[in-house]
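Asker: Structure provided below as structure tokens; questions to follow.
The values are calculated or read from the model by the stated rules, or taken from the named source; none is laboratory data. Everything numeric in this text was worked out from a predicted model, so none of it was measured. No Cβ is skipped: glycine too gets one built from the backbone with ideal geometry, and neighbour counts run over all protein chains shown. We work out accessible area using only protein heavy atoms, side chains counted, and drop any ligands, DNA or RNA first. Shrake-Rupley method; radii C 1.70, N 1.55, O 1.52, S 1.80 Å.
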Amino acid sequence: RMIATGIASFGLYAFGMALNDLLDARRDRIFAPRRPIPSGRIQPRWAIVTALVLLMTAVLAAVLIMPSHLDNLRLSDFVPYSFFFALATAGLIVFYDATSKYLGGVGLVTLGAIRALHCLIGYPRTPLLFLSMILLTHVVLISTVAYRLENKRPRLHRKDYAAIIAGLVIGNGAALFYMYSRH
């Protein structure tokens with residue numbers, strides 16, 4: 001189970017990195033010509049194949065994550081929650097790499113959501129979501145500070161800070177509601 005979780009985690013992370021390089025190749029030709037794709041060290045088609053293989057490996061590994069308790073199993077124990085969390089994480093990675101990293105506050109909240117979902121793949125039926133809440137909050141706040149210190153563009157405005165606060169309130173509120181409803 002730990003090996004499958006590690007493979008799923010590595011696969012999703014590496015998929016995100018490969019996808020980011022693919023989607024930024026045109027921009028990197030101008031601003032970072034020494035990166036692997038713009039410099040010609042890696043052909044775009046091989047980067048696409050690599051990204052897809054990493055994604056498929058991660059999703060397959062997530063499917064293989066079985067419930068940790070094997071006694072008194074019910075049919076509901078075989079719902080592939082790890083698979084669903086892996087797909088949701090992959091979807092957020094695509095959304096971030098393709099769009100939201102250019103949207104200021106929305107991108108920062110998306111980064112936090114990726115980490116919050118990512119940590120649930122190994123043990124998706126956890127009744128306590130405090131780790132997800134901590135990751136969401138930590139990643140969003142640290143990324144916001146780094147974004148400001150690095151003077152990234154687009155600059156953060158009031159609407160971006162409102163999106164960050166709303167994302168934290170909604171994300172952590174949903175986690176608290178889930179834990180409350182599970183008693």
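Asker: In the stretch 96-111, which residues are surrounded by 17 or more Cβ atoms within 10 Å (Cβ to Cβ) and either outside any helix (DSSP H, G or I) or out of contact with any Gly (no Cβ under 7 Å at 6 or more places or on another chain) (or both)?
Answerer: Gly104, Gly105, Val106, Gly107, Leu108, Thr110, Leu111
Asker: Please go through the stretch 1-51 and pick out each residue that is polar (S, T, N, Q) and farther than 28 Å from Phe85 by Cα.
Answerer: Ser39, Gln43
Asker: Between a first residue in the stretch 37-66 that is farther than 13 Å from Ala18 by Cβ and a second residue that is open to solvent by 50 Å² or more (accessible area, probe 1.4 Å) and part of a loop (DSSP other than H, G, I, E, B), which pairs have beta carbons less than 7 Å apart while being 6 or more apart in sequence or on different chains?
Answerer: Listed pairs, sorted by first residue: Ser39/Pro33; Val63/Pro80; Ile65/Arg1; Met66/Arg1.
Asker: Considering Ala18, Ala61, Ala90, which residue is modelled with pLDDT of 95 or more, within 17 Å of Ala116 (Cα to Cα) and crowded, with 18+ Cβ neighbours inside 10 Å?
Answerer: Ala90
Asker: Hey, any hits in the stretch 49-57 for a residue that's closer than 16 Å to Leu117 by Cα and either in contact with a helix residue (DSSP H, G or I) (Cβ under 9 Å, 6 or more places away or on another chain) or open to solvent by 40 Å² or more (accessible area, probe 1.4 Å) (or both)?
Answerer: Looking for residues that are closer than 16 Å to Leu117 by Cα and either in contact with a helix residue (DSSP H, G or I) (Cβ under 9 Å, 6 or more places away or on another chain) or open to solvent by 40 Å² or more (accessible area, probe 1.4 Å) (or both), one finds at least one in the stretch 49-57, hence yes.
Asker: Out of all the residues in the stretch 83-100, which are closer than 29 Å to Met66 by Cβ and without any contact (Cβ under 8 Å) to a residue 12 or more places away in the chain?
Answerer: Result: Gly91, single match.
Asker: Here is a follow-up. Within the stretch 137-183, which residues are among the charged types (D, E, K, R), farther than 24 Å from Phe31 by Cβ and either open to solvent by less than 40 Å² (accessible area, probe 1.4 Å) or in a helix (DSSP H, G or I) (or both)?
Answerer: Passing the criteria: Arg158, Lys159.
Asker: Going through the stretch 28-43 one residue at a time, which ones are in a loop (DSSP other than H, G, I, E, B), open to solvent by 50 Å² or more (accessible area, probe 1.4 Å) and in contact with a Pro (Cβ under 9 Å, 6 or more places away or on another chain)?
Answerer: Within the stretch 28-43, Ile42 is the sole residue that qualifies.
Asker: List every residue pair whose Cβ atoms lie under 6 Å apart, where the two residues are 6 or more positions apart in sequence or sit on different chains, the first residue falls within the stretch 122-149 and is farther than 18 Å from Thr89 by Cβ, and the second residue, located anywhere, is open to solvent by 40 Å² or more (accessible area, probe 1.4 Å).
Answerer: Note: pairs meeting the criteria are Pro127/Arg182.
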